[in-house]
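The block underneath contains the structure these notes are about, expressed in structure tokens.
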Amino acid sequence: MQIFNNWNVVAKGWYIACPSRELSQGKAKSVEVCGQRIVVFRGEDGRVRALDAYCPHLGTDLGIGQVDGNWIRCAFHHWAFDETGYCQNIPCQSEIPAKAKLQAYTTEEKYGFIWVYPDAEAPEKVADFDELKGKAIVTQADTAFERSCHHHICMMNGIDAQHLKTIHHLDIKMDLSLHQNQLGTQIDFTMRGEFPQTTFRERLGQRFLGSSYEYSMRYANGCIGLLTMMKKVRLFPTLHMLYAYTPIAPGRTRIQPIYVTEKRQGIMGYLLSQFLLLCTRLAYYMLRDEDGKIYDNIRFNPQVLLSIDAPLAQYMQYVNQLEPSRWSPSLKDE
């Protein structure tokens, strides 16, 4: 089955449900994730659970129900469900029907958001930046926005070497290296090269950053992109930002940008972290504004790929070996 650029397939992966701040202890919220109505609720122990939203009794949305300890109780007839999706209590009778259960989903809180995986168990957690593993981090979410194309197309922007010159006017020749993890769910593209000196922009970059430039894109589950900029340059720490992609309807993709940096100690550390988040935002805005009109006016149908497009071909191959989830419209129709 082709997964790349296929609106009828939702690959297994981590998708944003809502910001963590929107779900306080003892609260429930009904959200739509990849076309699936999900109830997320935070129990008295502070942990977030996620189930299919509609009660198997008469279909009431559990998002308008009440959190009871670590259960969610339906607003209509007060059936109570645990985090595994099984009904644990029906007030009008002691016997619980075998079919009184819901699909449960794994959740994780990271980068200031609640993430949901379309299965009861996930083989791995939400992706990390290598440089930030094990460190306390500071995050800053920007406003989510939509694009008029599949998220797989949007995601390839960071590894499209040609467009650095044609769109961003950066005449940088990049060498590619890549690495894929053992599960096949994550692939890293590292692009590196030497700064030319043909334009003022390029000469300025070489003066402050050094003669070479390197950045990496980590793709996880075909729906998360982790960009690391300013790698191995002088006078500047690395900058990190994450793109979380969610298909919301055929022809529409929601993109959530998140800026990430290490949490530093003291007032000066705090100011440095905030400065780096600002620098990341500014770099992103410059690139986004130049790229936006392209991805809102594209019908992706490659007929001729060049050798410089090797990263794009590798990315398409990577996506096509991912695993479809139960949320895929093509599987629901079977």
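The values are calculated or read from the model by the stated rules, or taken from the named source; none is laboratory data. From a predicted model like this one, the values you see are computed outputs, not experimental measurements. Every residue, glycine among them, receives a Cβ derived from its backbone with ideal geometry; neighbour counts consider all protein chains shown.
A few notes on this one:
- Criterion violated by T246 - all others in (1) under 28 Å from F4 (Cβ atoms); (2) surrounded by fewer than 17 Cβ atoms within 10 Å (Cβ to Cβ) satisfied: (2)
- Residue that is surrounded by the fewest Cβ atoms within 10 Å (Cβ to Cβ) [pool: residues in the range 1-54 that are closer than 26 Å to T139 by Cβ and among the polar types (S, T, N, Q)]: S24
Residues are listed down the side, and each one gets a yes or a no for (1) among the hydroxyl-bearing types (S, T, Y); (2) surrounded by 13 or more Cβ atoms within 10 Å (Cβ to Cβ); (3) over 23 Å from R252 (Cα atoms); (4) touching a Cys at 6+ places or on another chain (Cβ under 6 Å):
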{"position": "I294", "(1), (2), (3), (4)": "no, yes, no, no"}
{"position": "V304", "(1), (2), (3), (4)": "no, no, yes, no"}
{"position": "I308", "(1), (2), (3), (4)": "no, yes, yes, no"}
{"position": "M316", "(1), (2), (3), (4)": "no, yes, no, no"}
{"position": "N320", "(1), (2), (3), (4)": "no, yes, no, no"}
{"position": "S328", "(1), (2), (3), (4)": "yes, yes, no, no"}
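- Residue match in the range 263-284 (condition: among the β-branched types (V, I, T), modelled with pLDDT of 85 or more, more than 17 Å from F129 (Cβ to Cβ) and in the same structural domain as S177 (by TED's automatic domain parsing)): yes
- The condition (being at pLDDT 95 or above and surrounded by 17 or more Cβ atoms within 10 Å (Cβ to Cβ)) is satisfied by just one residue among Y111, Y86: Y111.
- Against the test of being outside the structural domain of P247 (by TED's automatic domain parsing), touching a Gly at 6+ places or on another chain (Cβ under 7 Å) and in contact (Cβ under 8 Å) with a residue 24 or more places away in the chain, the options E83, E44 yield a single qualifying residue, E44.
Residue-wise test of (1) exposed (fewer than 14 other Cβ atoms within 10 Å of the Cβ); (2) touching a residue at least 12 places away in the same chain (Cβ under 8 Å); (3) part of a loop (DSSP other than H, G, I, E, B).
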| residue | (1), (2), (3) |
| --- | --- |
| K231 | no, yes, yes |
| L235 | yes, yes, yes |
| S273 | no, yes, no |
| T280 | no, yes, no |
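- Count of residues meeting criterion [on the phi < 0 side of the Ramachandran plot, touching a residue at least 40 places away in the same chain (Cβ under 8 Å) and either hydroxyl-bearing (S, T, Y) or in a strand (DSSP E or B) (or both)] in the range 102-126: 11
- Residue among R49, R42, R21 that alone is under 28 Å from K133 (Cβ atoms), in contact with a Leu (Cβ under 7 Å, 6 or more places away or on another chain) and among the charged types (D, E, K, R): R42
- Residue list for the range 4-17, restricted to those being part of a loop (DSSP other than H, G, I, E, B) and either in contact with a Gly (Cβ under 7 Å, 6 or more places away or on another chain) or aromatic (F, W, Y) (or both): F4, W7, G13, W14
- Residue within the range 56-67 that is in contact with a Cys (Cβ under 6 Å, 6 or more places away or on another chain), part of a loop (DSSP other than H, G, I, E, B), without any contact (Cβ under 8 Å) to a residue 60 or more places away in the chain and surrounded by fewer than 21 Cβ atoms within 10 Å (Cβ to Cβ) present: yes
- Some residue of the range 162-185 being under 30 Å from G85 (Cα atoms) and either modelled with pLDDT of 95 or more or surrounded by fewer than 17 Cβ atoms within 10 Å (Cβ to Cβ) (or both): yes
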